[in-house]
Ligand code: ACO
């Protein structure tokens with residue numbers, strides 16, 4: 001792998017160090033800087049990890065300049081058009097597309113694990129009715145470790161894959177339970193005769209007093225959104241899962257930490273923030289005013305759903321979701337004026353020098369909320385939807401890390417606080 005060398009010279013001491021270059025199968029060459037502190041005595045400074053690879057991974061590839069996203073080598077466009085979320089989950093977990101037998105077996109396994117211990121519902125009912133569902137999700141998912149402590153030997157590959165499947169299967173059940181608690185509806189149990197997304201919609205929206213028919217269009221649209229959100233290499237929440245996992249923590253604790261990281265508006269919380277922003281803009285005539293605000297450095301306002309650390313081109317997921325928005329609204333017979341507003345905002349922003357120069361394009365979250373809204377998912381649940389899908393990526397990355405010799409994640413710092421000083425007794429401080 002390391003067939004190139006880069007030389008770093010400390011001119012003050014004349015010491016020179018060869019830094020090996022690591023070449024992946026694709027992507028930018030990466031300098032291996034591990035020897036820097038012990039040979040030259042320097043650490044590296046990279047706030048936000050904008051220039052740092054923290055691991056080697058075989059799961060997801062992104063070329064942000066070209067707008068490419070692939071899971072295990074398969075282009076996202078092909079998976080979005082031809083695959084299903086359950087098949088993509090298998091692909092991410094195991095590295096290959098399943099045979100028909102493998103897929104059926106995997107689907108059965110996920111179905112078998114959909115129920116949660118009834119005590120967990122008591123835990124959920126302890127939350128205030130208007131608790132944010134992401135706060136509930138972080139707490140409830142973390143608590144799963146308390147139910148499965150006899151299957152938490154992280155050295156045991158069978159325990160690891162079982163935990164991963166449990167998490168993928170139970171996330172929709174927990175998410176729907178959080179929503180139903182907010183609505184004051186009775187617990188909705190998973191119907192194992194239904195498929196993954198149908199089952200989730202049934203758990204969300206069926207009430208004992210009515211017959212609920214799951215809409216095929218809605219289930220298909222949800223499946224597409226879940227495929228697009230399933231993994232995205234070392235983003236903030238996945239890196240959080242890996243960092244927590246590097247301590248040997250159990251996977252439920254890792255995913256609970258991932259959920260918390262995802263909730264931030266700079267990350268997965270942006271899908272909720274986009275709808276709130278579009279609501280606030282209100283009318284197409286107000287778009288120029290908000291674009292002007294987004295460019296004003298003295299104003300903290302940013303165009304939510306715009307910009308990405310890695311994509312300096314159109315986010316390929318946004319391209320797919322944008323096209324799906326029209327189809328879903330059309331098929332569900334809904335006409336959402338927010339779609340026109342979003343389109344106008346995109347048009348004006350993409351013609352503006354500020355956004356062009358900074359390469360700020362719509363990201364995955366810009367249009368996803370419009371589809372969720374059309375499916376009847378409340379805005380406060382948008383980031384939860386993201387978390388259900390991303391759980392597959394989190395556990396796949398966590399499994400990969402468990403299978404690779406890993407050091408505990410422990411960044412360094414540039415200390416800028418006071419140098420040593422003497423403690424003064426309370427009566428001598430002024
Ligand atoms: N609106 C206005 N200006 C923006 C925006 C935006 N949405 N995004 C970035 N910029 C500007 C910044 O002010 C900065 O300008 P400067 O160079 O003059 O200081 C420049 O573009 C670079 O922005 P950074 O914040 O340094 O870029 P970074 O890679 O650290 O952040 C991020 C990326 C967090 C996604 C950012 O673009 C953002 O806040 N976007 C809005 C929130 C959002 O949509 N998040 C979802 C991301 S996708 C996901 O996580 C699922």
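The distance between label points at residue 289 and residue 148 comes to 5.0 nm (points 7 Å beyond Cα on the Cα→Cβ vector). A protection proxy built from the mean count of other Cβ atoms within 10 Å ranks the segments 294-306, 265-277, most packed first, as 265-277, 294-306. Residues considered: 413, 234, 102. Largest GNM mean-square fluctuation over the chain, using C-alpha springs under 10 Å, is found at 413. Which shape class, rounded, prolate or oblate, goes with region 376-430 when its Cα gyration tensor gives a ≥ b ≥ c as root eigenvalues, a/c under 1.5 marks rounded, and past that a/b bigger than b/c marks prolate? Judged from the Cα gyration tensor, region 376-430 comes out oblate (a/c at least 1.5, b/c at or above a/b).
Over the chain, with a Gaussian network built from C-alpha contacts below 10 Å, which listed residue (37, 133, 190) shows the highest mean-square fluctuation? Between 37, 133, 190, it is 37 that shows the largest mean-square fluctuation. With contacts taken as Cα pairs under 8 Å and at least 6 residues apart, region 116-266 reaches a relative contact order of 28 percent.
One decimal place: the segment residue 155-residue 207 gains 14.5 nm when fully extended, by the rule 0.36 nm per residue minus the C-alpha distance.
Helix 236-245 and the long axis of the chain differ in direction by around 70°, with both axes built from C-alpha atoms. Across region 171-330, the fraction of Cα-Cα pairs farther apart than 26 Å, rounded to a whole number, is 45%. Mean-square fluctuation check for the chain, GNM, Cα pairs under 10 Å: which of 131, 256, 50 is largest? Fluctuation is largest for 50.
Cα centroids of region 152-214 and region 354-384: how far apart, whole angstrom? Region 152-214 and region 354-384 have Cα centres separated by 24 Å.
Projecting label points 7 angstrom from Cα along Cα→Cβ for residue 309 and residue 35 puts them 2.9 nm apart.
Quick one: helix 133-147 against the long Cα principal axis of the chain, what's the angle to the nearest 10°, folded into 0 to 90? The answer is roughly 80 degrees. Each of residue 220 and residue 21 was given a label point 7 Å from its Cα along the Cα-to-Cβ line. The distance between the two points is 4.8 nm. Dividing the summed -39500 (n - 2.57) terms of all DSSP H runs of n ≥ 4 by the residue count of the chain sets its mean residue ellipticity at 222 nm at -16000 deg cm²/dmol. Angle of helix 337-351 to the longest C-alpha principal axis of the chain, folded into 0 to 90 degrees and rounded to 10: 30°.
Every number here is computed from the coordinates shown, using simple stated rules; none is lab data. It should be emphasised that the depicted structure is a prediction, and the values quoted were computed from it without experimental measurement. So basically every Cβ, Gly included, is an ideal-geometry build from the backbone, and we count neighbours across all protein chains shown.
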